[in-house]
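Enquirer: Next up is a structure, given as structure tokens.
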Amino acid sequence: MQTHFTPEQLADPHVAESEKILRKCVHCGFCTATCPTYVTLGNELDSPRGRIYLIKDMLEGGRPADREIVTHIDRCLSCLSCMTTCPSGVNYMHLVDHARAHIEQTYRRPLPDRLIRAVLAAVLPYPARFRAALKLAKLGKPFAGLFERSAALKPLAAMLRLAPASVPRASSAASPGVHRGRGVKRGRVAILTGCAQPVLDPGINEATISLLNRLGVEVVVPPGEGCCGALVHHMGREEEALAFARRNVDAWTRQIDEGGLDAIVITASGCGTTIKDYGYMLRLDPAYSQKAARVSALAKDVTEYLDTLDLPEPAMKPGTVVAYHSACSMQHGQKITRQPKTLLAKAGFVVKEPREGHLCCGSAGTYNIMQPEISAKLRDRKVKNISATGAAVVATGNIGCITQIASAAKLPVVHTVELLDWAYGGAQPRQLQ
């Protein structure tokens, strides 16, 4: 793709990087076939190719974002299916991230939209606030239907409908500390606690720590780490995202320097995609660029790390038929496709893959709140394909997907590591009890 940026514009490193990305696009349109919003809406401007043209026009013109571009960028899930499909290596993730930051800086959204986004950014990344908000949501649930009648308040209705009926008690697994491995020490890892997951399903990290400890791996929950920054990053709130990234880099660097780490284990693939990108996000910060690159290199999804270990024979082989849903952030963001399925099969599960596995379930961070109608269509399509497998349970590696699919599926939805922990001698997942 030809570009026409001025030398002055290219002096901005963010613009220069986006220009390199734009030049790789050859207009082939392969991306449209695998883009969930294009498949759902049929609008070229809601495809990666269409959005690339809009972003190019905005950045080249050096102009503020307008309502049209905001509409179509907001509809993007950042599922990155286009990057898996693209034959030219267009880094759409970095391009759309730049566009979101530009929108945040130059476009004044309607007041209800600004308020909802401000609430999400102020609550979701902080576990204590999120826990309190979910408890308060019980009071608001009866009003969800009323909010749904107003276009501006539909995100509030979506929030209330997604809120669980009960909130699990806080787990000690989320508190800073060291969990010693059993027997011969086979490794030392840090684990990301994060923000939403320990509130919605603390059992995921409990199962991870339990399994790794039985395998002889020491697990550290470092003081000072927290939200990876993905939630605000995808809202274009770049300074907030970088602040979260720096805090986590500091927390993990201390552990690397004090006792060494074999990996930083992540159990939410949406977080994993962002943490593996810390090196890029902080590349212009001389105080953090090298440390961030080291952290990104150590970051591994829990299944990615387990695949490097010599696992024993499972304590039991359940034989349960499992529909494996590959989260977009797992298959497209991190290119992890083999390991979760291989591990489940070795543990004695019968793994089925749903049709259209490349398409997003519609969760995508806060997307199912901000774009509830498109999200619901994608969720229902995903649930239909999962149901057709005849499986008894759904396994996936991302808390957002678990919440989204469970809101409509009749099958129990669990994290992959919970099934693996069960097969290797841990507790049966509560959803299967």
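Coordinate-derived values only; no laboratory data. The model shown is predicted, which means the values in this text are computed figures rather than measured ones. Quick reminder, even Gly has a Cβ in these numbers, built from the backbone with ideal geometry, and neighbours come from all protein chains shown.
Enquirer: R0 = 45 Å: FRET efficiency of ALA165 with HIS4, Cβ-based, nearest 0.05?
Expert: 0.25
Enquirer: What's the extension gain from ALA33 to THR342 if we count 0.36 nm per residue and subtract their Cα-Cα distance?
Expert: 108.5 nm
Enquirer: Additional query: Which of the cysteines found in the chain have nothing to pair with, since no other Cys Cβ lies under 4.7 Å from theirs?
Expert: Result for the chain is CYS25, CYS28, CYS35, CYS76, CYS86, CYS361, CYS401, no neighbouring Cys Cβ within the cutoff.
Enquirer: Apply 1/(1 + (r/R0)^6) to the Cβ-Cβ distance of ARG149 and ALA427, taking R0 = 45 Å, and write down the FRET efficiency to the nearest 0.05.
Expert: Once the sixth-power term is evaluated, E becomes 0.55.
Enquirer: Compute the distance from the alpha-carbon center of the range 200-257 to that of the range 352-423, in whole Å.
Expert: For the range 200-257 versus the range 352-423, the Cα centre distance is 23 Å.
Enquirer: Net charge within 12 Å of ASN213 by Cβ-Cβ distance, Lys/Arg positive one each and Asp/Glu negative one each, not counting ASN213 itself?
Expert: +3
Enquirer: Now for a different question. Could you give the radius of gyration (one decimal) and Dmax (whole number) of the Cα atoms in the chain, in Å?
Expert: 21.3, 64
Enquirer: Given a cut-off of 18 Å, name the pairs among LYS317/LYS382; LYS317/LYS352; LYS20/LYS56; LYS300/LYS382 whose C-alpha atoms lie farther apart than that in the structure shown.
Expert: LYS317/LYS382; LYS300/LYS382
Enquirer: While we're looking at this one, here's another question. On a full-extension model of 0.36 nm per residue, what is the gain between ALA11 and ALA408, subtracting their alpha-carbon distance, rounded to one decimal in nm?
Expert: Length gained, ALA11 through ALA408: 138.0 nm.
Enquirer: Quick check on the range 82-165: what does the Kirkwood estimate of hydrodynamic radius come out to from the alpha carbon pairs, in Å?
Expert: Taking every pair of different Cα atoms in the range 82-165, averaging 1/r and inverting gives 15.3 Å.
Enquirer: In straight Cα distance, which aspartates and glutamates are under 20 Å from LYS341, not counting same-chain residues fewer than 8 positions off?
Expert: Within reach: ASP301, GLU304, ASP307, ASP310, GLU313, GLU353, GLU356, GLU418, ASP421.
Enquirer: Also: Treat each spin label as a single point 7 Å out from the Cα along the C-beta direction, and report the LEU139 to ASP310 distance in nm.
Expert: Calculated label separation equals 5.8 nm.
Enquirer: Putting +1 on Lys and Arg Cβ atoms and -1 on Asp and Glu Cβ atoms, find which of CYS31, ALA364, THR84 reaches farthest to the positive end of the dipole of the chain.
Expert: Positive-end residue among those listed: ALA364.
Enquirer: Just from its helices, what would the mean residue ellipticity at 222 nm be for the chain, if runs of 4 or more DSSP H residues each count -39500 (n - 2.57) and the sum is divided by every residue, rounded to the nearest 500 deg cm²/dmol?
Expert: The per-residue figure over the chain is -14000 deg cm²/dmol.
Enquirer: Pull up the cross-link candidates among the aspartates and glutamates for LYS141, meaning alpha carbon to alpha carbon under 19 Å and not fewer than 8 places away within one chain.
Expert: Excluding near neighbours in sequence, the set is GLU373.
Enquirer: Continuing with the same structure: Grab the other residues whose beta carbon is less than 15 angstrom from that of LEU77, score K and R as +1, D and E as -1, and report the net.
Expert: Around LEU77, the surrounding residues sum to +2.
Enquirer: What lysines does LYS135 reach when the alpha-carbon gap must be under 28 Å and sequence neighbours fewer than 8 apart in one chain are set aside?
Expert: Counting by Cα, and skipping residues close in sequence, LYS135 has these lysines nearby: LYS154, LYS377, LYS410.
Enquirer: Work out the length of the dipole vector of the range 56-141 about its Cα centre, built from +1 on the beta-carbon of each Lys and Arg and -1 on the beta-carbon of each Asp and Glu, and round it to the nearest 20 debye.
Expert: Charge dipole of the range 56-141: 700 debye, to the nearest 20.
Enquirer: Determine the relative contact order of the range 219-362: mean sequence separation of Cα pairs under 8 Å and six or more apart, normalised by residue count, in whole percent.
Expert: Computed over the range 219-362, the figure is 20 percent.
Enquirer: Tell me which residues come under 5 Å, amide H to amide H, from VAL217 once H is placed; ignore anything under 5 positions away on its chain.
Expert: Distant-sequence amide H within range of VAL217: ARG182, ARG186.
Enquirer: Among DSSP beta bridges lying fully in the chain, give the percent that are antiparallel, nearest 5.
Expert: 15 percent
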